[in-house]
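Input: a single structure, listed below in structure tokens.
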């Protein structure tokens, strides 16, 4: 890395700390007369008091709650959420939840901004794997709705401008957006609202963040600030996850995890990801596997796949995870996963071996795969998946 450029469109504010959700009324009041639609999932809405307590804080500013978001953001849920926006005349979307809720919010904004009334019309804005400028809306610098996020997982999707949407009839997840107008305006990291998140989802989400951090460090387009922050994530997040596993009510450990996730996904559009992201998207679309479990299984194999082009930086990853006497980056990653008792094989999450070739082919449809440090092929990815199976 001898030269480069770093940009950060749509600079966000991030509030963090226990009780920081109490800032939401003032954040909403910055735009007098705001009409807030809360986007969330049904379990969080009906099985916890998180959504109700947020609505009570905001009072009459809340015009409705849409709790029809689902894992992996099926395209039908996007258009159901659009109906809720139209019915309530909302001008602000407040995400309460994790990555699928945030992806839904961004896709809603993109559809409304482009006048896309059907999935076929929205599909014009899929990011082309061979031309990342195709499908972008140049004029979308200001969004038709303001987006706010109170996050409950370690997904860190709130820092991206890209929305991953699943098309169930095709068993594929496609990526949309990337424009400045699709970024969340303000993010609130309150560890108190994360205690309701199931432990396996929290821990595997943390591994997904470690996966993201390895992608940043190994990226074919690294930047000094992104690499530095990603290495810090690799140093601190494993301990945060271990502390949280021992004591789920340790708010300091939870906040440390939230901040580490922010570091890993800082200004993500500056650095290309790779085949790991593309593969986990397809595992989610086909088999409803959470991205965290996809990362616990695939990341060591992706590191080994990319080793010929990233040996020097992988040494930095290994030492960040395991100290100066660390083994390989892949083995140190495996040790973290093993220590948390998380899945390490595709067969453990019921992925059929006969489908591995289809997964590999679908992964190549995503632009992130084409930017992998080692140019991917369907055969090469199939071999990677075979080793992971």
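The values are calculated or read from the model by the stated rules, or taken from the named source; none is laboratory data. The model shown is predicted, which means the values in this text are computed figures rather than measured ones. So basically every Cβ, Gly included, is an ideal-geometry build from the backbone, and we count neighbours across all protein chains shown.
Among 326, 350, 335, which is assigned by TED's automatic domain parsing to the domain that holds residue 306, without any contact (Cβ under 8 Å) to a residue 12 or more places away in the chain, out of contact with any strand residue (DSSP E or B) (no Cβ under 9 Å at 6 or more places or on another chain) and more than 23 Å from residue 128 (Cβ to Cβ)?
Working: 350 fails: without any contact (Cβ under 8 Å) to a residue 12 or more places away in the chain; 335 fails: without any contact (Cβ under 8 Å) to a residue 12 or more places away in the chain.
Only one candidate qualifies: 326.
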Task: Boolean, residue 313 is in a helix (DSSP H, G or I), at pLDDT 90 or above, at negative phi and surrounded by fewer than 24 Cβ atoms within 10 Å (Cβ to Cβ) - done: yes
- [ ] Of the numbered conditions (1) surrounded by fewer than 19 Cβ atoms within 10 Å (Cβ to Cβ); (2) at pLDDT 95 or above; (3) in a helix (DSSP H, G or I), residue 64 fails exactly one; give the number of that condition.
- [x] (3)
Open item on the list: Quick check on this structure: which one of 48, 73, 43 is touching a residue at least 40 places away in the same chain (Cβ under 8 Å) and surrounded by fewer than 22 Cβ atoms within 10 Å (Cβ to Cβ)?
Closed with: 48
Open item on the list: Please determine whether any residue of the stretch 108-130 is assigned to a strand (DSSP E or B) and either over 28 Å from residue 45 (Cα atoms) or not assigned by TED's automatic domain parsing to the domain that holds residue 33 (or both).
Closed with: yes
Open item on the list: Show the residue pairs meeting these rules: Cβ distance below 6 Å; 6+ apart or different chains; first residue within the stretch 151-171 and closer than 18 Å to residue 197 by Cβ; second residue in a strand (DSSP E or B).
Closed with: 152/97; 158/149; 158/151; 158/187
Task: Residue list for the stretch 326-362, restricted to those being touching a helix residue (DSSP H, G or I) at 6+ places or on another chain (Cβ under 8 Å) and on the phi > 0 side of the Ramachandran plot - done: 350
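Here is a check on your reading of the model: is residue 343 free of Cβ contacts under 8 Å to residues at least 12 places away in the same chain and surrounded by fewer than 24 Cβ atoms within 10 Å (Cβ to Cβ)?
Details: free of Cβ contacts under 8 Å to residues at least 12 places away in the same chain: no; surrounded by fewer than 24 Cβ atoms within 10 Å (Cβ to Cβ): yes.
No, not satisfied.
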TODO: Could you grab me the full set of residues in the stretch 319-331 that are over 23 Å from the mean Cα position of the chain (by Cα) and surrounded by 12 or more Cβ atoms within 10 Å (Cβ to Cβ)?
DONE: 319, 322, 326, 327, 328, 331
Task: Options 6, 79, 15; residue that is in a strand (DSSP E or B) and either modelled with pLDDT under 95 or surrounded by 14 or more Cβ atoms within 10 Å (Cβ to Cβ) (or both) - done: 15
Task: Extreme residue, modelled with the lowest pLDDT, among residues of the stretch 274-302 that are surrounded by fewer than 24 Cβ atoms within 10 Å (Cβ to Cβ) and not in a helix (DSSP H, G or I) - done: 288
- [ ] Mind listing whichever residues of the stretch 156-169 are at negative phi and assigned to a loop (DSSP other than H, G, I, E, B)?
- [x] 160, 161, 168, 169
Task: Checklist (1) under 14 Å from the mean Cα position of the chain (by Cα); (2) not assigned by TED's automatic domain parsing to the domain that holds residue 374 applied to residue 167, failing item - done: (1)
